Amino acid sequence: MLLLIATALQAAAPLPAPEIARAPEPPIVTTGSGLRFQVLQPGTGRRPTRADAVQVLFEVRLAADNRLVESTPAPSGIPVAGSIRGVTEALLLMNQGGRYRFWVPARLAYGRRGNPGMVPPDADLVFTMTLLRIGRPAQPPRR
């Protein structure tokens, strides 16, 4: 009897591996300028304006080889209108609290000149940014 059970167990086909359900990837949207973006985590706050300064966490990589160019270990303050064109456009699309990925073409980044020592000429960049806080830039003291 035991021999029959053992033979039956050996003849049984192995069970298929369970399929792991993956969440669908968020869509990638392309703006009129050619900036592409993906909402990794939507924010619930307001969007900044060009007059605002923001606190962000970010990582920048070269699109060609995924080499890390720069990242912030702590929040970094930047003026919305005081950055490269692609980052200004990107920030204007974000809601406070959101985390986005942006593919910035070279012409919206550092273009033909690059950023010596960091970004080669004509390099497309990939930014992953979290918009932590929106505020007004500090005003210079009146005389």
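Strands (runs of 3 or more DSSP E) wholly in the stretch 53-130 with at least 3 residues that are over 22 Å from Gly32 (Cβ atoms) - which ones? Show your work before the answer.
Values: elements: 53-62, 68-71, 76-79, 99-104.
Counting at least 3 such residues, we get 53-62, 68-71, 76-79.
Every residue, every condition in (1) under 24 Å from Thr30 (Cα atoms); (2) charged (D, E, K, R); (3) in contact with a Cys (Cβ under 6 Å, 6 or more places away or on another chain), yes or no:
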site: Glu89; (1), (2), (3): yes, yes, no
site: Asn95; (1), (2), (3): yes, no, no
site: Gly98; (1), (2), (3): yes, no, no
site: Phe102; (1), (2), (3): yes, no, no
site: Ala106; (1), (2), (3): yes, no, no
site: Gly117; (1), (2), (3): no, no, no
site: Pro121; (1), (2), (3): yes, no, no
site: Thr128; (1), (2), (3): yes, no, no
site: Leu131; (1), (2), (3): yes, no, no
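Kindly list, by first and then second residue, each pair from a residue in the stretch 61-72 that is within 18 Å of Val87 (Cα to Cα) to a residue that is in a loop (DSSP other than H, G, I, E, B), limited to pairs with Cβ atoms under 7 Å and residues at least 6 apart or on different chains.
Arg61/Arg67; Leu62/Ala123; Ala63/Asp124; Val69/Met118; Glu70/Met118
Take Thr72 and tell me if it is over 20 Å from Pro116 (Cβ atoms), of a type in the set (S, T, N, Q) and out of contact with any helix residue (DSSP H, G or I) (no Cβ under 8 Å at 6 or more places or on another chain). Before the answer, list the steps.
Values: over 20 Å from Pro116 (Cβ atoms): yes; of a type in the set (S, T, N, Q): yes; out of contact with any helix residue (DSSP H, G or I) (no Cβ under 8 Å at 6 or more places or on another chain): yes.
Considered against the rule, which asks whether it is over 20 Å from Pro116 (Cβ atoms), of a type in the set (S, T, N, Q) and out of contact with any helix residue (DSSP H, G or I) (no Cβ under 8 Å at 6 or more places or on another chain), Thr72 comes out as yes.
Working only within the stretch 21-43, note down all residues that are of a type outside the set (A, V, I, L, M, F, W, C) and modelled with pLDDT of 95 or more. Explain how you work it out, then say what you get.
Taking the stretch 21-43 and keeping what is of a type outside the set (A, V, I, L, M, F, W, C), we get 22, 24-27, 30-34, 36, 38, 41-43.
Thr30, Thr31, Gly32, Ser33, Gly34, Arg36, Gln38, Gln41, Pro42, Gly43, listed by residue number.
When you look at Pro18, is it outside any strand (DSSP E or B) and at pLDDT below 95, yes or no?
Working: outside any strand (DSSP E or B): yes; at pLDDT below 95: yes.
Yes.
What about Ala11, is it over 17 Å from the mean Cα position of the chain (by Cα) and either within 26 Å of Tyr100 (Cβ to Cβ) or modelled with pLDDT of 95 or more (or both)?
Numbers: over 17 Å from the mean Cα position of the chain (by Cα): yes; either within 26 Å of Tyr100 (Cβ to Cβ) or modelled with pLDDT of 95 or more (or both): no.
No; evaluated as a whole, the condition is false for this residue.
State whether one or more residues within the stretch 63-73 are exposed (fewer than 13 other Cβ atoms within 10 Å of the Cβ), over 15 Å from Thr128 (Cβ atoms) and modelled with pLDDT under 95. Working first, answer last.
Of the residues in the stretch 63-73, the ones exposed (fewer than 13 other Cβ atoms within 10 Å of the Cβ) are 64-68, 71, 73.
Within this subset, residues satisfying the condition of being over 15 Å from Thr128 (Cβ atoms) are 64-65.
Still in the running and modelled with pLDDT under 95: none.
Scanning the stretch 63-73 turns up no residue that is exposed (fewer than 13 other Cβ atoms within 10 Å of the Cβ), over 15 Å from Thr128 (Cβ atoms) and modelled with pLDDT under 95.
Thr49 is checked against (1) β-branched (Val, Ile, Thr); (2) in a loop (DSSP other than H, G, I, E, B); (3) buried (at least 16 other Cβ atoms within 10 Å of the Cβ) and fails just one. What number does that condition carry?
Thr49 satisfies all of (1) β-branched (Val, Ile, Thr); (2) in a loop (DSSP other than H, G, I, E, B); (3) buried (at least 16 other Cβ atoms within 10 Å of the Cβ) except (3).
Going through the stretch 82-93 one residue at a time, which ones are touching a helix residue (DSSP H, G or I) at 6+ places or on another chain (Cβ under 8 Å), surrounded by 17 or more Cβ atoms within 10 Å (Cβ to Cβ) and of a type in the set (A, V, I, L, M)?
Of everything in the stretch 82-93, those that are touching a helix residue (DSSP H, G or I) at 6+ places or on another chain (Cβ under 8 Å), surrounded by 17 or more Cβ atoms within 10 Å (Cβ to Cβ) and of a type in the set (A, V, I, L, M) turn out to be Ile84, Leu91.
The values are calculated or read from the model by the stated rules, or taken from the named source; none is laboratory data. Note that the structure is predicted; figures quoted are calculated from it, not measured. Note: ideal-geometry Cβ built from the backbone for every residue, glycine included; neighbour counts use all protein chains shown.
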